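Remarks on the structure that follows.
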Amino acid sequence: MENHIVINNPKDCCGCAACLNICPKDAIIMVEDDAGFIYPKVQTSICVNCGMCKKVCVFCKKNVGENPELKVYAGVINDTNTLEESSSGGVFSALANAVLQKGGVVFGAAWQDDFSLCHSAAQNGEELRELRGSKYVQSFIGTSFRLAKELLEEGRFVCYSGTPCQISGFKSYLGKDYDNLLTVDIICHGVPSLKMLKDDLMFVTGENPDGIRDVKFRDKTFGWGTKGSVITENRKVKYNAGTSPYYFYFLKGEIYRESCYSCRFPSEKRQGDITLGDYWGIKSELIEQLGDINPDLGVSCVLVNTEKGEKWLDEVKNTLSLALSERKSVEKRNGQLVRASTPLPEHRQLLDGYITNGFSSFISGYRKHTKDHIIRNIKNLIPSKIKRKINDFLSKS
C-alpha cells in the first residue's frame with residue numbers, strides 16, 4: 001500500500017516543499033505543471049513508504065503554528081538608504097540586521113543568476129540586500145528548510161521569512177519551536193508562476209530573460225506604490241500594470257496558483273512571530289505619531305504575534321520609528337489578513353488560455369482593459385500626499 005503524498009487536486013498543495021525537505025531518501029522532487037506551478041512528485045523507485053511526507057504536509061494538518069497577534073504597529077526604519085531599497089518601511093531589514101549582528105543567518109527569496117527565485121541564506125549585509133524587496137512570484141524553497149534546521153541545531157540564530165504557507169510548512173518540518181529562531185511571514189495575496197513571469201518580461205522588454213539583470217516590482221524612484229522597473233544590460237524599463245499583462249493580472253488576483261484561492265492562512269492567527277506588510281491607507285494622525293519621516297518612502301504594518309516576536313521588535317526599536325496601531329486599521333487596505341483572494345470569472349479562462357496558447361492569451365485579454373489602464377495611469381499621476389488627504393477626508397465624512 002502506498003504511503004506517500006499524492007496531489008490529486010491542485011487546491012491541496014501550496015508548493016511549500018516541506019515534503020521534499022523531510023524525505024529521508026530524497027525521493028521527492030518539485031516539478032512544474034503546464035502553467036509553471038510547482039508540485040511534489042514522488043519517485044516511487046526510491047520511496048520507502050515511510051509516510052513522513054504526508055505527516056509534514058500542512059494541508060493534512062490543522063492549526064500549524066497559529067498565533068494571535070499581541071500588538072500592531074506602523075513602522076519605518078531610520079536608515080534612509082535601507083528604506084529606499086525596501087518595498088515598504090524597511091522593518092524586515094532592521095530585524096534581519098539584528099540577527100546578523102548575533103552571528104546568525106537570514107533566509108528569504110532572492111533572484112539567482114539564471115533568473116529563478118529561490119530561498120537563500122544571507123550571512124552579511126551585502127547578501128541581505130538580495131532578500132529585500134517584494135517579489136510577486138512564487139519562490140522555490142529547495143532544501144533551505146534543512147539548512148536552517150542544521151544552523152538552529154548548531155545554536156546559530158536564524159530568521160526565516162516567507163509567505164504564510166511557507167512559514168507554516170517550515171514549522172511543520174521542524175516539528176518544534178527553537179528559542180534561536182525568528183519567523184517572519186508577509187501579508188500575501190497569492191503567487192503566479194515563474195514561467196508566466198519570464199514570458200511577461202520578454203514581452204515587456206523585447207529581450208530574452210537571460211539579459212535581465214534585475215526586476216523591481218516596487219521601485220521607489222517612482223514613489224511608494226505598485227510601480228516597478230526591469231533592468232537589462234542596456235536600459236531601465238518601467239514595469240507596472242500599465243505596461244505588463246502579468247503585473248496587471250497579479251494585482252487583479254487572476255493568475256495565482258489554485259491553493260491561493262482556498263488559502264486557510266488569512267485569519268486573526270498568523271504563522272510567523274512577526275507579520276509584515278505595507279501600511280496602505282495610513283491616516284495622517286498615525287503618520288504624525290511616527291515623527292520626522294517621509295511617508296512617501298513607505299510605511300510598514302507590523303503585527304507582533306508572539307512574545308518572541310515582541311522581544312525581537314523591542315531589540316530593534318531604536319533603529320525604527322514606531323507608532324502603536326490596531327488590526328482593524330491595517331485590514332482596511334490589506335484584505336488578505338482576513339480572507340483569501342477570490343478568483344474572478346476570468347481566472348480559469350486565463351489559465352486555460354495560457355496552457356493552450358501560451359502568453360499570447362494574456363496579451364489579448366490584457367488589451368481589452370484599455371479603460372482600466374487609463375484610469376490606473378491617471379491615479380498614478382496624483383501625488384501620494386494628495387491621495388492621503390482625499391482618503392482622510394472620505395473616512396471622516
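The values are calculated or read from the model by the stated rules, or taken from the named source; none is laboratory data. From a predicted model like this one, the values you see are computed outputs, not experimental measurements. When we count neighbours, we look across all protein chains shown, and the Cβ atoms used for this are built from the backbone with ideal geometry, even at glycine.
Counting only residues that are out of contact with any Phe, Trp or Tyr (no Cβ under 7 Å at 6 or more places or on another chain) and over 22 Å from P266 (Cβ atoms), the stretch 321-344 holds 1 of them.
Entry remark, the stretch 10-53: residues being in contact with a strand residue (DSSP E or B) (Cβ under 8 Å, 6 or more places away or on another chain) and among the hydroxyl-bearing types (S, T, Y) number 1 in total. Take the residues in the stretch 114-133 that are among the small types (G, A, S) and surrounded by fewer than 17 Cβ atoms within 10 Å (Cβ to Cβ), then tell me which one is modelled with the highest pLDDT. For the stretch 114-133, the residue satisfying everything is G125. May I ask you to verify whether Y246 is surrounded by fewer than 23 Cβ atoms within 10 Å (Cβ to Cβ) and at pLDDT 95 or above? Taking the combined requirement at face value, the residue does not satisfy it. Among residues of the stretch 148-162 being touching a Phe, Trp or Tyr at 6+ places or on another chain (Cβ under 8 Å) and not in a strand (DSSP E or B), the one that is surrounded by the most Cβ atoms within 10 Å (Cβ to Cβ) is A148. Checking I5, I46 one by one, the residue that is aliphatic (A, V, I, L, M) and without any contact (Cβ under 8 Å) to a residue 24 or more places away in the chain is I46 and no other.
Only one entry of L313, L276, L350, L337 meets the criterion of being surrounded by 15 or more Cβ atoms within 10 Å (Cβ to Cβ), farther than 19 Å from V191 by Cα, of a type in the set (A, V, I, L, M, F, W, C) and touching a residue at least 12 places away in the same chain (Cβ under 8 Å), and that entry is L313. Residues in the stretch 279-310 that are of a type in the set (D, E) and over 13 Å from S329 (Cβ atoms) were compared, and the one that is surrounded by the fewest Cβ atoms within 10 Å (Cβ to Cβ) is D292. Considering the stretch 115-124, the residues that are part of a loop (DSSP other than H, G, I, E, B), touching a residue at least 24 places away in the same chain (Cβ under 8 Å) and out of contact with any Pro (no Cβ under 9 Å at 6 or more places or on another chain) include one that is nearest to P209 (Cα to Cα), namely S116. Among (1) surrounded by fewer than 19 Cβ atoms within 10 Å (Cβ to Cβ); (2) under 23 Å from F115 (Cβ atoms), where does G223 come up short? Status for G223: all satisfied but (2). Annotation: of all residues in the stretch 241-264 being of a type in the set (S, T, Y), assigned to a loop (DSSP other than H, G, I, E, B) and touching a residue at least 40 places away in the same chain (Cβ under 8 Å), the one that is farthest from L351 (Cα to Cα) is S244. A single member of I28, I77 is modelled with pLDDT of 95 or more, over 20 Å from the mean Cα position of the chain (by Cα) and among the β-branched types (V, I, T), and it is I28. Looking at K252, K220, K269, just one residue is modelled with pLDDT under 95 and either within 17 Å of the chain's Cα centre (by Cα) or small (G, A, S) (or both), and that residue is K252. Only a single item in (1) in contact (Cβ under 8 Å) with a residue 40 or more places away in the chain; (2) closer than 19 Å to S139 by Cα is not met by K41, and it is number (1).
When restricted to residues that are surrounded by 14 or more Cβ atoms within 10 Å (Cβ to Cβ) and within 22 Å of the chain's Cα centre (by Cα), the stretch 321-331 contains 4. Is it fair to say I355 is surrounded by 12 or more Cβ atoms within 10 Å (Cβ to Cβ), assigned to a helix (DSSP H, G or I), touching an Asp or Glu at 6+ places or on another chain (Cβ under 7 Å) and at negative phi? Considered against the rule, which asks whether it is surrounded by 12 or more Cβ atoms within 10 Å (Cβ to Cβ), assigned to a helix (DSSP H, G or I), touching an Asp or Glu at 6+ places or on another chain (Cβ under 7 Å) and at negative phi, I355 comes out as yes.
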